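In what follows, a single structure is set out as structure tokens and then discussed.
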Amino acid sequence: MFKKVLVANRSAVAARVLRTLDKMGVASIAIYSEADAGAPYLARAGEAHCIGPGPARESYLDGKKIVELARKLGADAIHPGYGFLSENAAFARQVHEAGIAFIGPNARLIDAMGHKTRARELMMGHGMPMNAGSGVLPADEAAVAAAAERIGYPVLVKPAAGGGGIGMIAARDAKQLAAAVTQAQSMAMRGFGNGEVYLERLIERPRHIEIQVLGDRHGRVRHIFERDCSVQRRHQKVIEEATAPGVPREKVTALCERVAEMMAAIGYDNIGTIEMLMGDDGSFSFLEMNTRLQVEHGVTEEVTGIDLVEAQIRSAAGEALDTFLPAAIEPSGHAIQARVYAEDPVRFFPSPGPLKTFRPPRGEGIRVETGYAEGGTVTPNYDPLLAKVIARGATRNEAVARLEAALEAFTIEGLKSNIPALLRILRHEPFRAGAVHTGLLAEAQAT
Amino acid sequence: MAKTEVKSEITGAVWKILVKPGDVVGVDEAVIILESMKMEIPVLAIDGGKVTEILVKEGEAVNEGQTVAIVEV
């Protein structure tokens, strides 16, 4: 096992990883930017070091500085958390070349999944179900139109180097296509420094269902069931649950098993999530793979009892999966998470500011992950996540009721939070009935 | 001629200035794009008219309610 791990992240996920390191008896190093000085997550670490000014590119995204610090302090592993450098293959290589373990998959696999059309080609070759799509679009407009015709409208124009739902534009007919491609290319260039875009058949009102996998350095991969993350705003997740409501268990379990076999075939060797869309006909298609711990990993932990961060660390340290995972994993009960954001609950505009009052809820079956405390300040430098509130129950109804009560009790003053929007969706009849899809939040807002 | 103030609805930093003094903007046209919490949020002109002043620089921090430009209607 590692002796000392540097956590290359901040706030809620840094606190989460530090908690598990502490439980495992592994020494820890936290890093922080000047904007995060004094943040409560730092107190959980054995030592904490400032790595630069507030803007992320001068601190949490400065891989060179982070690796140098890790080497200087004698860390033998780096945990990247999620976001920032977690899916940066060059960073993973830098870490490795410094003689430090990267707690994540092999850089080759990060690379393979980071480019969407290459990931599609790779997974298609292993039998992954997939909707029709194109390769990276050429400059020739006639060829682009022909590709769209072949796929069939409506199509979605997507950045090849992107992710996180940024820069996707729908085209419903040939007339809309050229403008959608131009706009998506410009957004892709700005967002990812790579203007490549491709087409996928648009699935209307899909459900977002994703499969948690864990691989080891010995060629073994297991799945840890699925999550439903259909409730989204701007293509970003807001509510996540395990297991997926209303999908026949044998069907989703069979899919999870097939996906784990495919991941073993490509040599996947750490934690990862395969995101899929489910159409209203019940068919699944590959969306993308995230080669890191997921923001919503906690709901899987709550229904399986597995500490996914510990499992990820043990796998990266070379332990064989079957030595630390139970022989049989069965989900039990239901867990649901709401992401509490510092944002306006109607238009979802960012709302940084001081946390004059910040009192996370407590209660039976309630778990809160946060990197903030009362008296702290939420700056505009980073993402708006204030806290993740996770509720567990014997049934989905019980978990939803507990989450609703917890969010009602969550007191935040000094900035705007999306709690009113979260409560609106939890009380929305189609959501209660489990009839979720990616357009549901917008529908609930409109009622 | 009436002067109207273009105000930021959020706290963030100026990412891009889209117009310069002398430019004519329409109603709800973006004048400036702010960056906050990993999102890009445009600041829109409430009234159309001629831009007479830009009160911020790229990279500068702005507060909610701060005037970022003046438009002459």
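The values are calculated or read from the model by the stated rules, or taken from the named source; none is laboratory data. Keep in mind the model is a prediction, meaning the values are calculated, not measured. Positions of Cβ are backbone-derived with ideal geometry, glycine not excepted, and every protein chain shown enters the neighbour counts.
When every residue of the range A:173-195 is checked against the conditions, none turns out to be crowded, with 20+ Cβ neighbours inside 10 Å, within 28 Å of A:Gln312 (Cβ to Cβ), under 22 Å from the mean Cα position of the chain (by Cα) and not small (Gly, Ala, Ser). Meeting the requirement of 1 or more residues that are surrounded by fewer than 16 Cβ atoms within 10 Å (Cβ to Cβ), the strands (runs of 3 or more DSSP E) wholly within the range A:319-434 are A:357-359, A:411-413. Number of residues in the range A:393-421 that are in contact with a helix residue (DSSP H, G or I) (Cβ under 7 Å, 6 or more places away or on another chain) and closer than 22 Å to A:Val303 by Cα: the value is 5.
Selection of the range B:3-55 for residues being in contact (Cβ under 8 Å) with a residue 40 or more places away in the chain and either within 14 Å of chain A (Cβ to nearest Cβ) or touching a His at 6+ places or on another chain (Cβ under 8 Å) (or both) yields B:Lys7, B:Ser8, B:Glu9, B:Ile10, B:Thr11, B:Gly12, B:Ala13, B:Val14, B:Trp15, B:Lys16. Between A:Gly272, A:Gly282, the distinction of being more than 14 Å from chain B (Cβ to nearest Cβ) and at pLDDT below 95 belongs to A:Gly282 only. Scanning the range A:436-447 for residues that are among the aliphatic types (A, V, I, L, M) and surrounded by 15 or more Cβ atoms within 10 Å (Cβ to Cβ) yields A:Val436, A:Leu440, A:Leu441, A:Ala444.
Any residue that is of a type in the set (A, V, I, L, M) and under 25 Å from A:Ala160 (Cβ atoms) - is there at least one of those in the range A:211-230? Scanning the range A:211-230 turns up at least one residue that is of a type in the set (A, V, I, L, M) and under 25 Å from A:Ala160 (Cβ atoms).
Could you tell me which residue of the range A:154-164 is farthest from A:Gly83 (Cα to Cα), considering only residues that are of a type outside the set (Lys, Arg) and in a strand (DSSP E or B)? Filtering first and then ranking leaves A:Val155. Run down B:Glu58, B:Glu72 and say which single residue is over 11 Å from the mean Cα position of the chain (by Cα), more than 14 Å from chain A (Cβ to nearest Cβ), at negative phi and acidic (Asp, Glu). Only one candidate qualifies: B:Glu72.
Taking A:Val144 as the residue in question, decide whether it is of a type outside the set (Asp, Glu), within 22 Å of A:Gly282 (Cα to Cα) and at pLDDT 95 or above. No: the conditions fail for A:Val144.
Within the range A:120-143, the set of residues being closer than 22 Å to A:Ala171 by Cβ, hydrophobic (A, V, I, L, M, F, W, C) and surrounded by 21 or more Cβ atoms within 10 Å (Cβ to Cβ) comprises just one member, A:Leu137. Among the residues making up the range A:270-291, a single one is in contact with a Phe, Trp or Tyr (Cβ under 8 Å, 6 or more places away or on another chain) and of a type in the set (Val, Ile, Thr): A:Ile274. Those residues that are within 14 Å of another protein chain (Cβ to nearest Cβ) and among the hydroxyl-bearing types (Ser, Thr, Tyr), I need them from the range A:340-383; list them, please. Correct list: A:Tyr341, A:Ser351, A:Tyr372, A:Thr377, A:Thr379, A:Tyr382.
Selection of the range B:1-37 for residues being more than 25 Å from A:Ser351 (Cβ to Cβ) and either in contact with a Leu (Cβ under 6 Å, 6 or more places away or on another chain) or of a type in the set (Gly, Ala, Ser) (or both) yields B:Ala2, B:Gly22, B:Gly26. Restricting attention to the range A:235-257 and to residues that are among the small types (Gly, Ala, Ser) and within 18 Å of A:Gly279 (Cα to Cα), the residue that is surrounded by the most Cβ atoms within 10 Å (Cβ to Cβ) turns out to be A:Ala244.
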